[in-house]
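Scroll down for the structure; my scribbles are underneath it.
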Amino acid sequence: MPLYRDEAVVLRTHKLGEADRIVTMLSRYNGQIRAVAKGVRRTASKFGSRLEPFMVVEAQFYEGRTLDVVNQVETIGAYGREIIQDYKTYTAATAMVETAEKLTGEESSPQQYLLLVGALRSLSKAEHDSSLVLDSYLLRALSIAGWAPNFNDCARCGDVGPHQAFVMQLGGVVCRDCRPAGAAVIDPLTGELLGALLAGDWEVADVAPESIRAAASGIVSAYSQWHIERGLKSLQHVERQ
């Protein structure tokens, strides 16, 4: 069987038989990988703890007919240990890995991989509020996937903003002339925060008031659910407070 190595983030796992586990990972160069990790549920397993969700590893795989087999694992980032200690952080990370799984496939996606690794690292180190990290990740992951939102100029006619009417179907804010009936209206400070989250401008994001963060999270959640097929089940469990 062909042998290959790659860096990967563990997205989720589930049991297989009495001692094995199927591990779903987002790799740097080979897209999503579903591989069998043999014997990792035994207490004597050498790398079972390295193949838990949110861990970043370098692994060696054998190609199989239906599932690959992972037989060597080295830890790159042990982010799972810190993430699971805080429920708010854990729910944010769970939403991230579900998003990554739904936005990627078998094709290589180094940008999605690096974005997810950076977001999980930030969560594990508590660099920013977990809700802000999640919202920034969602906006940037959707942008890489081709659904970049526009929070300044009109998404329909290009009229220079800022504008306050947000239309998910059009991918961002619209001017008064293009504004359809029933469009959501966002506060200027909310629009500023959304733009900062999309750009990764943490100096602006970190000082945003709680009410503005909550409003921005509502927009991000709705936009994500609109564009991601079958929606994100984990978002409803995210602890925002």
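Taking a probe of 1.4 angstrom, what is the accessible area of F61 in Å², to the nearest 10?
So the heavy atoms of F61 present about 0 Å² to solvent.
Output the relative contact order of region 5-65, whole-number percent, from Cα pairs under 8 angstrom with separation of 6+ residues.
39
Helix 130-144: angle to the longest alpha-carbon principal axis of the chain, degrees 0 to 90, nearest 10?
In the chain, helix 130-144 runs at an angle near 90 degrees to the longest axis.
Which whole-percent values make up P(r) of the chain when all C-alpha to C-alpha distances are grouped in 5 Å steps starting at zero?
For the chain, the binned pair fractions read 1, 7, 14, 17, 17, 14, 11, 8, 5, 4, 2, 1, 0, 0 percent.
Can you list residues from other chains, or at least 5 along the same chain, whose modelled amide H is less than 5 Å from the amide H of S108?
The answer is G31.
Can you pull the Kirkwood radius for region 105-228, inverse mean 1/r over Cα pairs, to one decimal in Å?
14.9
Each label point is 7 Å from the Cα along the Cα-to-Cβ direction; what then is the distance between the points at K88 and W226, in nm?
Here the modelled spin labels are 2.8 nm apart.
Accessible area per residue for region 69-133 in Å², computed with a 1.4 Å probe and the full protein assembly in place, what is it? Don't skip to the answer; put the middle values down first.
On the way: 2940 Å² over 65 residues.
For region 69-133, the per-residue accessible area is 45 Å².
Find the Cα radius of gyration of region 124-177, compare it with 2.2 N^0.38 Å by division, and give the number to two decimals.
Taking N as the residue count of region 124-177, the ratio is 1.36.
Treating the angle as unsigned and between 0 and 90°, give the value, to the nearest 10°, between the Cα long axis of helix 87-103 and the longest Cα principal axis of the chain.
Value to nearest ten degrees: 90.
Where does the chain land at 222 nm, in deg cm²/dmol rounded to the nearest 500, when only DSSP H runs of n ≥ 4 count, each adding -39500 (n - 2.57), divided by all residues?
Working: 7 runs with 85 residues, N = 241.
Counting only the DSSP helices, I get -11000 deg cm²/dmol.
Applying the Karplus parametrisation 6.51 cos²θ - 1.76 cosθ + 1.60 with θ = phi - 60° to the phi angles of region 2-19, what ³J(HN,Hα) value in whole Hz is obtained for each residue in order, glycine and proline being reported as x?
Ordered by residue, 3J(HN,Hα) equals x, 10, 8, 10, 6, 7, 7, 9, 6, 8, 6, 9, 8, 5, 9, x, 8, 10 Hz.
Cα centroids of region 82-102 and region 193-241: how far apart, whole angstrom?
14
Would you look at the GNM of the chain, springs on alpha carbons closer than 10 Å, and say which of Y62, Y137, Y79 moves the most?
Y62
Give the angle, between 0 and 90 degrees and rounded to the nearest 10, that separates the Cα long axis of helix 188-199 from the longest principal axis of the Cα atoms of the chain.
Relative to the chain, helix 188-199 is tipped by roughly 30 degrees.
The values are calculated or read from the model by the stated rules, or taken from the named source; none is laboratory data. Remember, it's a predicted structure, so these values are computed and weren't measured experimentally. Every residue, glycine as well, gets a Cβ built from its backbone with ideal geometry; the counts of neighbours run over all protein chains shown. When the accessible area is computed, the model is the full protein with side chains, heavy atoms only, and any ligands, DNA or RNA have been set aside. Shrake-Rupley method; radii C 1.70, N 1.55, O 1.52, S 1.80 Å.
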